[in-house]
């Protein structure tokens, strides 16, 4: 028992001696928290970064660069991620050292989570600049409340808009060249306007209940040759017996091969009234049925051969057809 007591005293004395010596070491040397470069100068690099002059500067975390950086004074020539090597130091400092957590540098990229920016967070200027609305004069009134896209058209919605502000804006559109195949409708509480410029860009405007919906875009090109299809319709079907309409944008045909309707968009009411006069001059004046209003217009009549011409207009869409009404 006495021997064990003396051995315990010896071990305690040895531990105290070792502890006193261990406290003289600077445990921050060679770790990511090193505050000198070994020459007595303060280090300026971020924890874990290579500060050895002449080596390649490490790329920012998150870049995805997997290249192992060159050994530095800070890591004592060890590969980042390997076991930390503590350099020896014999210069006592006399300062007590508490436990410092070990931090190992790594070259793994930092994971960055990026959330897409929602389009509804753009203000009116940003949205205009990133859409086809850039081709229109800027609308400066009301409050920008939303947007959407349909096919080749982009739309913006504005609330708290006065009717006179819309009227003034339509004047700006006309000054900017949006007058080709123009169609304008105005009532006590609604306004509608559509037109092309000479570059085939189209504006579509509708106003109701102090809310303005403004759109800009272009008509999609048909896969087939539109001019050739129009020529075929007016030369091989019943449409050969009515005047060919010049204007608008050809949308296609419906009905049968013999009795098709040809359809145009972007047509103004004035253009429709002018075409009806051409139809009358072509002899379609018998048993006429006609209507002229702010929202729709149609004209249906027979010629002396009992061919019946149909002209139907609603919004800015025009449909033309011809039917053989002769008795078998």
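Each reported figure results from applying straightforward, stated rules to the coordinates on display, with no laboratory input. From a predicted model like this one, the values you see are computed outputs, not experimental measurements. Note that we place each Cβ from the backbone using ideal geometry, even for glycine, and neighbour counts take in every protein chain shown.
How would region 266-318 be classified by its alpha-carbon gyration tensor: rounded, prolate or oblate, with rounded meaning a/c under 1.5 and the a/b versus b/c comparison settling the rest?
Prolate.
For region 160-262, rounded, prolate or oblate, judged on the Cα gyration tensor with a ≥ b ≥ c (square roots of eigenvalues), a/c < 1.5 rounded, else prolate if a/b > b/c?
prolate
Would you calculate the convex hull of the Cα atoms in region 120-217 and tell me its volume per residue in Å³?
88 Å³
For 205, 302, what ranking results if the residue with the fewest other Cβ atoms within 10 Å of its Cβ goes first?
Final ranking by Cβ density, sparse to dense: 302, 205.
Taking the highest mean first, how do the peptides 306-315, 283-292 order by number of other beta carbon atoms within 10 angstrom per residue?
306-315, 283-292
Bin by bin, in steps of 10 Å, what percent of the Cα pairs in region 248-293 do you find, going until the bin that has the longest distance?
Answer for region 248-293: a P(r) of 21, 42, 36, 0 percent.
For region 226-324, just list the percent of Cα-Cα distances falling in each 5 Å bin from zero outward, please.
3, 14, 27, 26, 21, 8, 1
Determine, for 231, 128, 326, the number of other Cβ atoms within 10 Å of each Cβ, and report the residues in order from fewest to most.
326, 231, 128
How many angstrom lie between the Cα centre of region 278-304 and the Cα centre of region 134-208?
31 Å
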